[in-house]
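Asks: Supplied in structure tokens, the structure appears directly below.
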Amino acid sequence: MNSENNKSLVHIRVVKHAIQGLYVVLDNNEPGIIRTREISWDNTEIEHWRENYPVNWDGYAYLISSKKGEAHELSLRFVDYDPWNDFFEGVNKDQELEGSVTGVFDYGVFIEIEQGITGLLHKTQIQQKTKLTPPEVFWFGDKVMVNIQDVDHERRQISFNLASPPDLACKKSSSEVYYLPGSTEVEQNIEQLFTSAFPRNRILVVEDEPAQSAAVCNWLRDFGQSVESSVTAEEAIKLLSKNEPDIVLVDVGLPGMLGTKFAKHVLAEHPTVEVVNMTDWARANEVDTELEEVQAQGGKLLYKPLLPEDLANYLLYHQDHGKFGKNIEQNAQSIHSKKINSKQDIHHLLSICRERLGMEAVFLFSLEPAHRRVGIVDRSGDINVNRNAISQLIYSPVRDVAEDEETLFNGEIGERKRFQYLLEFTPDVSACIGIPIPAKSSFKYALFAMDRHSKKFSNETKIYMEGIALAMSATLDQIALKEQAAQIQRTALMGILTSGMIHEINNLVSPLMYTSNHLRKGFSRFEQGNTSESENLKNEINNIERDIRQIINTVKIFGRIAKKPQVEILKVDEIIDNTLILLNHLRKRSKIKIHFDPPERIMLVRNQAVTLEQIVLNVALNAIQQTAEHRPEGGGAICIEIQLIEEDQEGATCRILVFDNGPGIHTVLWEKIFEMGYSTRQDGSGIGLFVSRNLIEEIGGKVYVAKSHILYGSVFALEFPVKF
């Protein structure tokens, strides 16, 4: 190319290779530099720039800038293609453009909006948004949203404005979702419930609190049910022997025989009877093991305080989905009991161990010392097992290995008594190896390799098994740490939310007291013949019912966070609604507007409500805190959307997007913010997003930063499979 055709083209010769790029000289012996990014538009060619442009290479380069006393800035890529020739044809000043930070200085920030198109965001533009200096706000590689302020084509210079952050109002015609239905809506819903056609059942209510018993029994009778009641389990057993009901509703905290023990009795002695335990979330956590056992046998659970719609929903569910519901709960128990089984590392280690040792099956057993129970965490290989004999493994060598940390090496199993219990579980086994796993956990673990044929085991086999056991130990400890972190963070969340819940309840108590006193006066006037009071009285009663429901719903939603994860059929929009109700007080205090775009169609997933709510809570809470810190005077907003991503054989994926107009996140921190203990806030714990990522990965999903622009806002994406 002839330099005379373009005054910006100059002839150069390479004199040195440096970290920055090529050092060159012009024909007049003036020095110049071609920085690495200016060598080519092709990243592959840039990787091999030293070979492509050796010392003494000569050719033409484009003169970018020239300052007296400094080396000329040159470009090779502009020789091939100049984006300035056509980029600005379709761009206007009002258009928002995404750019990447390529340089940060005290006077401003250089931003590249397209390869070869770089401009300056001056500090005066930045200071309109924040009091911080450019180096305090921007890092190299950050994403930024800008508008073009001015373009000097002759000097090839652009000046930018920062784009205004989005207001994040919902795309659909929906409003902020921190309200509960009004009195008219509640009244219509309740009237509709009481006029619904329910299947008639004979129901036995076992409840020792008179007021609770009366409320439940009367609501059930209003739904057309035949109801008997009892205050103790012992009395209820006598009633069952005389007249077997269809359904038994039993409180957990009964005097004498506990409700969970009574439920097991009914399930064992009266298999055709549907059993439902009733309790609040706090008591449920105290007796979680017993409740899990009841549910594993087919029992169900309702959380107090109960509303008539809770009972109505149960009756309709019992009528239409009885068998389906039982299968769901059994599957939920299976998933819960095999929580560690979702860890691919565990199964991978078991498979490697089985293949390397040439054994037919390898088991990872767990022992719960407090309840003296042995369980199967995971297994690899195919060998006959009798699952009905699992409970007897506590008397077998599995207990010796797990609890006493004995090493078991039997190439040929003899007639020793304790082996009889192991043989009941695996009748075909002739040889086995048992190695304790030194995990730091309340559970004890044992690694067993088994084979149908007699074997001779060498010392190398033992050493190899011990190595696998150590690897298992590290993995189990990591799992335990993540689970403990999730529980600690759930407790911390409850602490944050408690003040909000108390505030919301306190705001309703005084109006309830006033309304009840006013109602009493209204009834007095009504009794004196003032019939015009009738409509006022009806409205006030509806208002009381609405406020009571709001208190109960707030308490219930709050209590879900303390529950153990369990697989259920869930409406995703209800998960979002529940989460936002919990964040209502914090949202008000932080002057943040929250919008929710509900999906156009109902989206059901089969997943863990507690887990999803904790994940959404963490991400939304992070967005509120970051945005409030960035916008202390108000103007902060968050928007949540739900999307259904259709896929092929893998099924569909549910995606929840959380938008905010907060400070944005430096690009290099998009992954680091999910690390344990890392926080961009001085008072942050650095545990919320870490726990969220681990929880969502447990259910086969992922959480990540989808977009983030400095001083503009961020978008977090939560994705998890839709399973049925």
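Quick note: the coordinates plus some simple rules give every number you see, no bench work behind them. This structure is a prediction, so every number in the text was calculated from the model and none was measured. Here the Cβ is made from the backbone with ideal geometry for all residues, glycine too, and neighbour counts use every protein chain on show.
Asks: Once you have the alpha carbon radius of gyration of the stretch 84-162, what is it after dividing by 2.2 N^0.38 Å, with N set to its residue count?
Replies: 1.04
Asks: Now, a different point. Could you state, as a whole-number percent, how many of the C-alpha pairs of the stretch 199-312 are farther apart than 18 Å? Display every interim value, and only then the final one.
Replies: Values: 2818 of 6441 pairs.
Taking all Cα-Cα pairs of the stretch 199-312, the fraction more than 18 Å apart is 44 percent.
Asks: Could you give the length gained on full extension between residue 244 and residue 272, defined as 0.36 nm per residue of separation minus the Cα-Cα distance, in nm?
Replies: Value of the extension gain: 9.2 nm.
Asks: With a Förster radius of 41 Å, plug the Cβ-Cβ distance of residue 387 and residue 574 into 1/(1 + (r/R0)^6) and report the FRET value to the nearest 0.05.
Replies: According to the calculation, E is roughly 0.70.
Asks: Let me ask something additional. Rounded to two decimal places and with Rh computed the Kirkwood way over Cα pairs, what is Rg over Rh for the stretch 563-724? Walk me through the intermediate numbers first.
Replies: Details: Rg = 15.2 Å, Rh = 16.0 Å.
Rounded to two decimals, Rg over Rh is 0.95.
Asks: With a cap of 13 neighbouring Cβ atoms within 10 Å, and only residues DSSP puts in a loop, list the trypsin sites (Lys or Arg not before Pro) found in the stretch 63-159.
Replies: 67, 68, 93, 131, 155
Asks: Right, next: Hey, could you get me the Stokes-Einstein D for the stretch 629-724, Kirkwood radius over alpha-carbon pairs, 10 °C and 1.306 mPa s, rounded to whole µm² s⁻¹?
Replies: The calculation lands on 109 µm²/s.
Asks: Mind checking the full-extension length gain between residue 43 and residue 112? Use 0.36 nm per residue of separation minus the Cα-Cα distance, one decimal, nm.
Replies: Extra length from residue 43 to residue 112 when fully extended: 23.2 nm.
Asks: Take the residue pairs 131/591; 571/723; 238/264; 131/593 and return only those whose Cα atoms are more than 18 Å apart.
Replies: 131/591; 131/593
Asks: In whole angstrom, note down how far apart the Cα centers of the stretch 52-110 and the stretch 611-659 are.
Replies: Using only Cα atoms to place each centre, the spacing works out to 38 Å.
Asks: May I pose another question? What is the P(r) of the stretch 356-451, as percent of Cα-Cα pairs per 10 Å bin from 0?
Replies: So the P(r) values, bin by bin, are 17, 57, 25, 1.
Asks: Starting from the 7 Å offset along Cα-to-Cβ, what nm value, one decimal, do you get for the label separation of residue 345 and residue 544?
Replies: Calculated label separation equals 5.8 nm.
Asks: Another question, then. Tell me which of 105, 119, 164 sits at the most positive position along the dipole axis of the stretch 71-174, charges placed on C-beta atoms (Lys, Arg +1; Asp, Glu -1).
Replies: 164
Asks: Also: What net charge is computed for the residues neighbouring residue 111, neighbours being all others with C-beta under 10 Å from the C-beta of residue 111, Lys and Arg scored +1, Asp and Glu -1?
Replies: Values: positive: 143; negative: 98, 112, 142.
Taking every other residue near residue 111 into account, the sum is -2.
Asks: Set the Förster distance to 51 Å, then compute FRET efficiency between residue 102 and residue 368 from the Cβ-Cβ distance, nearest 0.05.
Replies: 0.35
Asks: Please work out the FRET efficiency for the pair residue 91 and residue 697, using the Cβ-Cβ distance as r and a Förster radius of 60 Å; give the result to the nearest 0.05.
Replies: With a Förster radius of 60 Å, E is 0.90.
Asks: Arrange the following residues from fewest to most other Cβ atoms within 10 Å of their Cβ: 219, 670.
Replies: 670, 219
Asks: Please compute the alpha carbon radius of gyration of the stretch 3-81, then divide it by the globular-protein estimate 2.2 N^0.38 Å. Two decimals is fine. All intermediate terms of the calculation are to be shown ahead of the outcome.
Replies: Details: Rg = 11.6 Å, N = 79, 2.2 N^0.38 = 11.6 Å.
That ratio works out to 1.00.
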